[in-house]
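The values are calculated or read from the model by the stated rules, or taken from the named source; none is laboratory data. The structure displayed is predicted, hence computed values, not measured ones. As a convention, Cβ positions derive from the backbone with ideal geometry for all residues, glycine included, and neighbour counts pool all protein chains shown.
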Amino acid sequence: MNGTTKQQLLSQQIISVCHPDFPTPRMVEFIGQLGFDVVFIDCEHSSTDFKLVDDLARAARLAGMNSLVRPWANDPGLINRYLKSGRPLKTLSSASRTRARCRA
């Protein structure tokens, strides 16, 4: 998570998150131009695969946003695969884990 968004969360400020239904890298770049802080990549309710997640996260970084990924299952092996994709993805599965990551 970039420093700006992390500081906003720590100081309990509002951040803007966009959850596109059918995301493409070009759409994510456009969303970044609109001023959103985070793009939410939902793999649980869409057909987003690992390659697309990688491309979406890269587009988010280029647009100055963070990417937040929800995997389709709370499986350690699956989450590890997302994290080892070489992209700084934030994979959160619960509110307590979200709070812990924000404090880190």
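Applying the selection to segment 35-51, what residues are touching a residue at least 12 places away in the same chain (Cβ under 8 Å) and out of contact with any Lys or Arg (no Cβ under 9 Å at 6 or more places or on another chain)?
Matches in segment 35-51: G35, F36, D37, V39, S46, T48.
Yes or no: segment 67-84 includes at least one residue that is in contact with a strand residue (DSSP E or B) (Cβ under 6 Å, 6 or more places away or on another chain), at pLDDT 85 or above and part of a loop (DSSP other than H, G, I, E, B).
No.
Please specify each residue of segment 3-34 satisfying the condition of being over 12 Å from L68 (Cβ atoms) and touching a residue at least 60 places away in the same chain (Cβ under 8 Å).
Within segment 3-34, K6, L10 qualify.
Please work out which residue is surrounded by the fewest Cβ atoms within 10 Å (Cβ to Cβ), limiting yourself to segment 26-55 and to residues that are at pLDDT below 90, of a type in the set (D, E, K, R) and in a helix (DSSP H, G or I).
My answer is K51.
Within segment 1-23, take every residue that is among the hydroxyl-bearing types (S, T, Y) and closer than 21 Å to I41 by Cβ and give me the one that is modelled with the highest pLDDT. Lay out the reasoning, then the answer.
First, the residues of segment 1-23 that are among the hydroxyl-bearing types (S, T, Y): 4-5, 11, 16.
Restricting the remaining residues to those that are closer than 21 Å to I41 by Cβ gives 4-5, 16.
Numbers: T4: 79, T5: 81, S16: 93.
Here the answer is S16.
Among the residues of segment 31-56, which ones are farther than 22 Å from Q8 by Cα and either aromatic (F, W, Y) or in contact with a strand residue (DSSP E or B) (Cβ under 7 Å, 6 or more places away or on another chain) (or both)? Step through it out loud before you land on a result.
Step one: list which residues in segment 31-56 are farther than 22 Å from Q8 by Cα, which gives 42-56.
Result: D42, C43, E44, T48, F50, V53, L56.
R58 is checked against (1) closer than 22 Å to G32 by Cβ; (2) at pLDDT below 85 and fails just one. What number does that condition carry?
(2)
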